[in-house]
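In what follows, a structure is listed as C-alpha cells, so that the remarks can point back to it.
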Amino acid sequence: MNHLKILRQFLEENRSAKDIPPTGFPFVTISRQAGAGGHLLAHVIVTDLIQHQENDRFRGWHVFDRELCEIIAQDPKLQTSMQELMSEAYKSDFKEFVESLFVGRSQPYLQQKKTLEVVRMLAMLGKVIIVGRAGALATQELPAGIH
C-alpha cells in the first residue's frame, strides 16, 4: 500500500477522512517526548514486522513523522514552511489572538487542524506508525489503534 500516494490524492481532491473506506488494518501511535526514543521504537517495530512478511497484516507498514510535515507543508492554503512545522516553536496566545482578529483564524490553528486531519486519514488507511503530531489524540476513538 502506498500511503503517500493515496494521501496526496485525497488532499488534492479536497476529500476528508470521512471519504476513506475502512481497511480494518491496525495502526500505532507513539508519543514523541524528547529523549523517550519514539523514533527508535517505531523503527524497531517496523523491523520486527518485516520479519513476518508472509502474513498480509505485517506487510507494507510505514513510519510517519517528518513525511507527515512534508505533506502538510505542500498545502498552498496553509502558507507554511517545513521548518516551521518541524520546529513546533511556541507562539504567544496574544499573537494568535490578534492574527485571528484580522484574518479570521490563526495560522497555527489551521496547521493543527490540517495535521489532525492527515493523521486521521493515515490511521484509517492502517499499517502506519505515527510518531508524535498528537497521533493518539487525533485517533483515540478509532478501534484498530494501539497507542
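To the nearest 0.05, what FRET efficiency results for I45 and D75 with a Förster distance of 25 Å applied to their C-beta separation?
0.30
Near V131, within a Cβ-to-Cβ distance under 11 Å, what is the net charge of the other residues, with Lys and Arg +1 and Asp and Glu -1?
Details: positive: R32, R66, R133; negative: D65, E67.
Local charge sum for V131: +1.
Give me the net charge for the shell around L4: Cβ to Cβ below 10 angstrom, other residues only, Lys and Arg +1, Asp and Glu -1.
Result for the local shell: 0.
How much length is gained if the chain between F102 and Q33 is pulled fully straight, taking 0.36 nm per residue apart and subtracting their Cα-Cα distance, in nm to one decimal? Write out the running numbers ahead of the final one.
Details: separation 69, 0.36 × 69 = 24.84 nm, distance 3.40 nm.
Going from the current span to full extension adds 21.4 nm.
Find how much the distance from K18 to E54 grows on full extension, using 0.36 nm per residue of separation minus their present alpha carbon separation; answer in nm with one decimal. Please report the intermediate quantities before stating the final value.
Numbers: separation 36, 0.36 × 36 = 12.96 nm, distance 3.10 nm.
Net length gain for the segment: 9.9 nm.
Values in this text are rule-based calculations from the coordinates and carry no lab data. It should be emphasised that the depicted structure is a prediction, and the values quoted were computed from it without experimental measurement. Counting neighbours? That spans all protein chains shown, and the Cβs are built from the backbone with ideal geometry, glycine included.
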